Amino acid sequence: MPVFLLSLFTRAKGYASVIIGGALFLAFAYYRAKQDGKNAAMLEEAKRRDEAIKQRKSTDEEVDRLSLDRRRDELGRWMRKDD
């Protein structure tokens, strides 16, 4: 009888180690995927920020090339009319 209990305990210990190993693997995979998602979001935000900086620089250069009268005319087009 004690041999049977010993073999049962050994078998249960083996199953438990497989289950714990699988749980650790899944936890590692989950946190790795979560970190990869954060990194991708940060990269996308950096790309959008870079594009916005380029667009603003382009707009600033365009405005700098305009004469004062032309600037006033362009501003007048964009200003809201008080009716």
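Only the coordinates and a few stated rules stand behind these numbers; no lab work does. The structure presented is a predicted model; accordingly, all values stated were derived computationally and were not measured. Backbone-built Cβ (ideal geometry, glycine too); neighbour counts: all protein chains shown.
Pull out a ≥ b ≥ c, the square roots of the eigenvalues of the alpha-carbon gyration tensor of the chain, then state rounded if a/c is under 1.5, prolate if not and a/b is larger than b/c, and oblate in the remaining case. Here the chain falls in the prolate category.
Relative to the longest principal axis of the chain, what angle (0 to 90°, nearest 10) does the C-alpha long axis of helix 68-78 take? Here the helix axis deviates by roughly 60 degrees. For the stretch 11-77, a crude dipole built from +1 on the beta carbon of Lys and Arg and -1 on the beta carbon of Asp and Glu, taken about the Cα centre, is about 580 debye to the nearest 20. In this simple spin-label model, placing a label point 7 Å from the Cα along the Cα-to-Cβ direction at both residue 39 and residue 19 gives a separation of 3.4 nm. Electrostatic bookkeeping for residue 41 treats Lys and Arg as +1 and Asp and Glu as -1; over the other residues with beta carbon under 14 Å from its beta carbon, the sum is +2. Taking label points 7 Å from Cα along the Cα-to-Cβ direction, residue 46 and residue 67 give a separation of 4.5 nm. The alpha-carbon of residue 34 sits under 28 angstrom from the alpha-carbons of these lysines, leaving out residues fewer than 8 places away in its chain: 47. When the Cα positions of 23, 53, 42 are compared along the charge dipole of the chain, 23 comes out farthest toward the positive end, with charges on each C-beta of Lys, Arg, Asp and Glu. Taking Cα atoms, how many degrees apart are the long axis of helix 2-65 and the longest axis of the chain, rounded to 10 and kept between 0 and 90? The angle comes out near 10 degrees. Only helices enter this figure: runs of n ≥ 4 DSSP H residues, each worth -39500 (n - 2.57), summed and divided by the residues of the chain, yield -33000 deg cm²/dmol at 222 nm to the nearest 500.
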